[in-house]
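No value in this document is a laboratory result; all are computed from the given coordinates. Just so it is clear, the structure is predicted and the values come from calculations on it, not from any experiment. Every residue, glycine as well, gets a Cβ built from its backbone with ideal geometry; the counts of neighbours run over all protein chains shown.
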Ligand code: NI
């Protein structure tokens with residue numbers, strides 16, 4: 001277990017499509033998840049995708065107890081999601097502010113599907129199938145985008161709604177996640 005350096009935007013590894021996990025409940029996979037949890041906790045993140053620590057596999061983790069950055073957001077249960085598939089439910093989109101550990105110090109207003117179903121597997125190969133909305137749905141979409149080489153700035157519609165935390169939200173304590 002170790003805290004790993006998080007790759008930052010500009011590193012070509014963040015633009016690559018990650019590969020599916022084939023073998024479950026392996027020492028290697030458990031070790032990767034331990035590293036991801038340690039790294040996410042150390043940086044106080046809401047989620048982390050394996051490519052962000054340089055591992056090109058379709059593995060994400062997320063979970064939010066309470067975020068100073070999203071004081072109105074509901075808690076999101078700690079989840080390991082592997083080989084995910086997201087299905088939007090309906091056409092509704094919502095815009096809200098996002099940050100990313102790979103884009104530290106910045107925030108952007110990002111449209112996401114308001115309601116989604118997500119399916120995948122956990123580290124033991126057991127099936128996950130959840131239907132979620134709002135902030136939970138946003139976190140899942142953000143993390144799964146990393147598996148396809150997409151960072152949130154690529155989804156911003158109005159680039160005047162992209163900038164540094166101190167300029168967008170003066171006087172507020174902001175974390176990266
Ligand atoms: Ni991110």
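Quick one: 40, 1, fewest Cβ neighbours within 10 Å first, how do they rank?
Least to most surrounded, the residues fall as 1, 40.
When a/c is below 1.5 the answer is rounded, else prolate if a/b is larger than b/c, else oblate, so apply that to segment 1-88 with a ≥ b ≥ c taken from the square roots of the Cα gyration tensor eigenvalues.
rounded
Using the 10 angstrom Cβ neighbour count as an exposure proxy, how do 144, 100 rank, fewest first?
Taking fewest neighbouring Cβ atoms as first place, the list is 144, 100.
Apply 1/(1 + (r/R0)^6) to the Cβ-Cβ distance of residue 27 and residue 161, taking R0 = 35 Å, and write down the FRET efficiency to the nearest 0.05.
My answer for the efficiency is 0.20.
If each of residue 78 and residue 168 carries a label point 7 Å out from its Cα toward its Cβ, how far apart are those two points in nm?
2.8
Full-extension gain between residue 65 and residue 13, please, as 0.36 nm times their residue separation minus the C-alpha to C-alpha distance.
15.8 nm
How far is helix 27-42 tilted, in degrees, relative to the longest principal axis of the Cα atoms in the chain, given as a value from 0 to 90 rounded to the nearest 10?
The helix 27-42 is inclined about 20 degrees to the chain.
Return the ratio Rg/(2.2 N^0.38 Å) for the chain, where Rg is computed over Cα atoms only.
Taking N as the residue count of the chain, the ratio is 0.98.
Neighbouring Cβ atoms within 10 Å as the yardstick, rank 39, 160, 87 fewest first.
So the ranking, lowest neighbour count to highest, is 160, 87, 39.
Based on alpha-carbon centroids, what's the gap between segment 32-46 and segment 126-177 in Å, whole number please?
When both Cα centres are located, 17 Å separates them.
For the chain, modelled as a Gaussian network with Cα springs under 10 Å, which listed residue fluctuates most, 29, 147, 109?
29
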